[in-house]
Amino acid sequence: MWVRAWRKFLRNKLAVLSGIFVVLLILTAFVGPFLLPYTYDGVDYAAVYQGPSLKHWFGTDELGRDILSRLVYSLRTAMTVAFGAESITLVAGVAVGALAGYMGGRVDNLLMRFTDIMFAFPSFLFNVMLIAVMGRGMLTIFIAIGLTSWVGLARLVRAEVLKIKSREFVEAGHAMGASHWDIVTRYILPNVLGPIIVTMSFGVPGAMMTESALSLIGMGVAPPAPSFGALITAGQRFVLSYPHMLLWPALIFAFTLLAFTWMGDGLRDAFDPRDQ
Amino acid sequence: MLRFLSRRLGFMVIALVFVSLLTFILMHMAPGNFLDAKRISSGDVSGDEQASVDVIAEMEKRYGLDKPLYIQYLTYMKGMATWDMGPSFQFPQMDIQEIIAKAFPVSLTLALFSVALSIIIAVPLGILAAVKQNTVWDYCSMFLSMIGNSIPAYVLAVFLILFFSLKLHWLPTAGWTEPKHVIMPVLALGLGSVGGIARYMRTSMVEALRQDYIAAAWAKGGSFTRVVLGHALRNSLIPLITVVGPQLARLMVGTVFIESMFRVPGLGSYFTLAANTRDFPLLMTSSVFFAFVIMMMNLVVDLMYGFLDPRIRFE
């Protein structure tokens with residue numbers, strides 16, 4: 001399965017290019033800060049509102065802060081939040097989904113009604129309120145996003161587990177006396193890994209969007225720490241005089257999201273069991 | 001039918017109670033409240049301690065914050081049930097139902113205009129993509145759906161601002177006082193949904209064109225207008241409701257960010273403000289109201305689906 005999926009992924013040029021771009025973005029986000037000549041909050045009143053130049057590749061903002069540095073740190077914020085939120089999603093979604101699907105009966109019913117309500121509740125409202133409770137900060141944001149985004153994965157895992165648990169090889173496992181834990185972790189879950197990876201790869205840009213949306217309405221990471229959403233809000237204020245302050249954050253953010261989505265598309269096609 | 005409706009409405013009530021409870025609990029777990037913020041901002045901390053304590057006690061009494069929590073909760077719920085929520089913290093001169101009555105039509109206008117815009121563009125595009133597969137129309141709809149799926153409305157809004165305000169000087173960058181102000185928020189919200197709806201339209205049109213009765217219609221010598229726009233379109237529009245409905249609900253939430261970007265005084269702006277300033281009554285009402293609108297929309301979509309397609313039975 002893995003070799004076939006990998007070969008199929010490699011045949012999709014757009015997905016491979018996006019994958020390379022994603023790796024570069026991750027490197028930029030986590031290694032970039034050490035290479036930058038400026039910090040994200042280094043104020044320089046002698047160099048405010050500068051357009052792109054050799055010294056400041058993407059120009060400077062209203063306080064003379066280097067926009068490139070702020071973009072790199074925004075990317076880091078987005079990535080940290082997204083990966084943090086996705087790990088919560090992974091643990092909660094797989095645990096709840098596998099439990100509901102494998103146990104069936106009353107446990108299944110209870111867990112699924114709970115996900116129904118979570119589904120009906122607009123997760124964005126929940127995010128805003130959780131952040132109001134826990135305070136603004138990187139950690140609280142990814143916890144809030146993680147707590148609201150596991151529902152979809154839980155439903156997917158449950159459906160897959162239901163499909164797989166009646167197959168012969170699982171029955172063989174039962175017959176050989178494997179424990180429930182072994183059945184779930186060794187027999188069933190490895191077969192659900194494909195759909196899980198695909199969901200997660202779409203979850204990352206989704207979490208990034210939520211993070212910057214929260215920061216757009218003033219509920220994201222606390223300033224002066226940058227985020228794409230905060231940069232866009234700031235840039236919009238000065239757009240008529242200094243458009244570079246708005247253009248770069250939006251453009252870089254858009255390409256980041258596109259790269260993740262295209263890579264996700266490639267992964268989805270690669271793991272699609274329908275065409276062999 | 002009646003059983004279906006009563007079960008759905010019952011579920012909605014339970015979900016709304018859940019939402020209100022969650023909001024209430026989260027609200028009261030939050031460190032600090034509106035009055036603290038007020039005290040700090042008015043500089044009373046260093047001044048006359050006793051006077052400010054008295055004022056706070058007085059205000060707490062007026063807003064019922066001195067009562068036990070369950071009484072406070074029940075008061076909120078009673079207020080919402082009778083549509084009389086009392087004044088908000090932030091706007092003491094206005095009752096909350098007045099704020100909602102003023103702000104909700106604004107958000108609804110945005111959402112309805114954007115849905116209308118996306119349908120007007122998406123349906124013809126979807127038909128063209130289905131009839132002329134693998135042509136420029138097909139790729140155009142694919143491109144738009146990709147953009148719409150991966151780039152949020154507030155980022156699209158940036159490119160619209162750069163184009164219409166900076167480059168062409170046609171539209172103001174933000175505000176909500178003249179009709180001109182409606183254009184960019186609606187474009188930003190609507191364009192994102194065009195691709196998705198067009199792709200869906202294409203799929204269901206392709207499906208409809210494969211049916212026997214369409215072959216019969218062609219065989220009888222029906223024109224393009226008659227066969228495609230008369231017979232096939234009618235049947236391919238039904239599944240469209242399933243995407244447009246959730247889209248409308250998504251737009252309602254999406255308006256929160258677009259409203260904040262374009263400074264539109266809609267429900268989303270008030271919700272954000274309420275959360276940022278710990279305006280408990282306003283936050284409580286707006287979050288329950290949001291949830292109510294979204295669930296109601298989903299229910300209406302399900303009902304319409306059944307009315308339009310007689311093959312569907314409610315159970």
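Somewhere in the range A:140-158, is a residue more than 14 Å from chain B (Cβ to nearest Cβ) and more than 28 Å from residue B:294 (Cβ to Cβ)?
no
Go through (1) in a helix (DSSP H, G or I); (2) modelled with pLDDT under 85; (3) under 22 Å from residue A:79 (Cβ atoms); (4) of a type outside the set (A, V, I, L, M, F, W, C) for residue A:146 and report which single condition fails.
(2)
Before we move on, is residue A:113 more than 19 Å from the chain's Cα centre (by Cα) and not hydroxyl-bearing (Ser, Thr, Tyr)?
Against the criterion (more than 19 Å from the chain's Cα centre (by Cα) and not hydroxyl-bearing (Ser, Thr, Tyr)), residue A:113 qualifies.
Looking only at the range B:149-161, filter to residues that are in contact (Cβ under 8 Å) with a residue 12 or more places away in the chain and surrounded by fewer than 24 Cβ atoms within 10 Å (Cβ to Cβ); which one of those is farthest from the other protein chains (Cβ to nearest Cβ)? Outline the logic, then answer.
So in the range B:149-161, the residues in contact (Cβ under 8 Å) with a residue 12 or more places away in the chain come out as B:149, B:151-154, B:156-157, B:160-161.
This time we only want the ones that are surrounded by fewer than 24 Cβ atoms within 10 Å (Cβ to Cβ), so: B:149, B:151, B:156, B:160.
On the way: B:149: 6, B:151: 5, B:156: 9, B:160: 10 Å.
In this case the residue turns out to be B:160.
Would a scan of the range A:48-69 turn up a residue that is under 20 Å from residue A:231 (Cβ atoms), free of Cβ contacts under 8 Å to residues at least 40 places away in the same chain, of a type in the set (Gly, Ala, Ser) and surrounded by fewer than 17 Cβ atoms within 10 Å (Cβ to Cβ)?
yes
With B:139, B:76, B:70 as the choices, which residue is of a type in the set (Phe, Trp, Tyr), assigned to a helix (DSSP H, G or I) and surrounded by 16 or more Cβ atoms within 10 Å (Cβ to Cβ)?
Answer to the selection: B:76.
Can you tell me which condition residue A:15 does not meet? The list is (1) closer than 30 Å to residue A:155 by Cβ; (2) touching a Phe, Trp or Tyr at 6+ places or on another chain (Cβ under 7 Å); (3) free of Cβ contacts under 8 Å to residues at least 40 places away in the same chain, and all the others hold.
Only one criterion in (1) closer than 30 Å to residue A:155 by Cβ; (2) touching a Phe, Trp or Tyr at 6+ places or on another chain (Cβ under 7 Å); (3) free of Cβ contacts under 8 Å to residues at least 40 places away in the same chain is unmet by residue A:15, namely (3).
Can residue A:252 be described as within 10 Å of chain B (Cβ to nearest Cβ), touching a Leu at 6+ places or on another chain (Cβ under 8 Å) and not in a loop (DSSP other than H, G, I, E, B)?
No; evaluated as a whole, the condition is false for this residue.
Could you pull out the residue among A:119, A:126 that is buried (at least 19 other Cβ atoms within 10 Å of the Cβ), at the interface with chain B (Cβ under 10 Å from one of its Cβ atoms), at pLDDT below 85 and part of a helix (DSSP H, G or I)? I'd like the intermediate steps shown before the answer.
Details: A:119 fails: buried (at least 19 other Cβ atoms within 10 Å of the Cβ).
Matching residue, one of A:119, A:126: A:126.
Just to be sure before I move on: is residue A:19 closer than 30 Å to residue A:123 by Cα and not hydrophobic (A, V, I, L, M, F, W, C) in the structure I sent?
Judged against the criteria, residue A:19 is a match.
Out of B:184, B:146, which single residue is in a helix (DSSP H, G or I), under 20 Å from the mean Cα position of the chain (by Cα) and within 13 Å of another protein chain (Cβ to nearest Cβ)?
Result: B:184 is the single residue among B:184, B:146 that is in a helix (DSSP H, G or I), under 20 Å from the mean Cα position of the chain (by Cα) and within 13 Å of another protein chain (Cβ to nearest Cβ).
Does the range A:72-81 include one or more residues that are more than 14 Å from every other protein chain (Cβ to nearest Cβ) and among the charged types (D, E, K, R)?
yes
Quick one: which helices (runs of 4 or more DSSP H) sit completely within the range B:211-286 and have at least 3 residues that are touching a residue at least 12 places away in the same chain (Cβ under 8 Å) and of a type outside the set (Gly, Ala, Ser)? If you could, list the steps in order and put the result at the bottom.
Working: elements: B:212-219, B:233-236, B:240-262, B:267-277.
Answer list for the range B:211-286: B:240-262, B:267-277.
The values are calculated or read from the model by the stated rules, or taken from the named source; none is laboratory data. Predicted model only: the values in this text are computed from it and were never measured. Note that we place each Cβ from the backbone using ideal geometry, even for glycine, and neighbour counts take in every protein chain shown.
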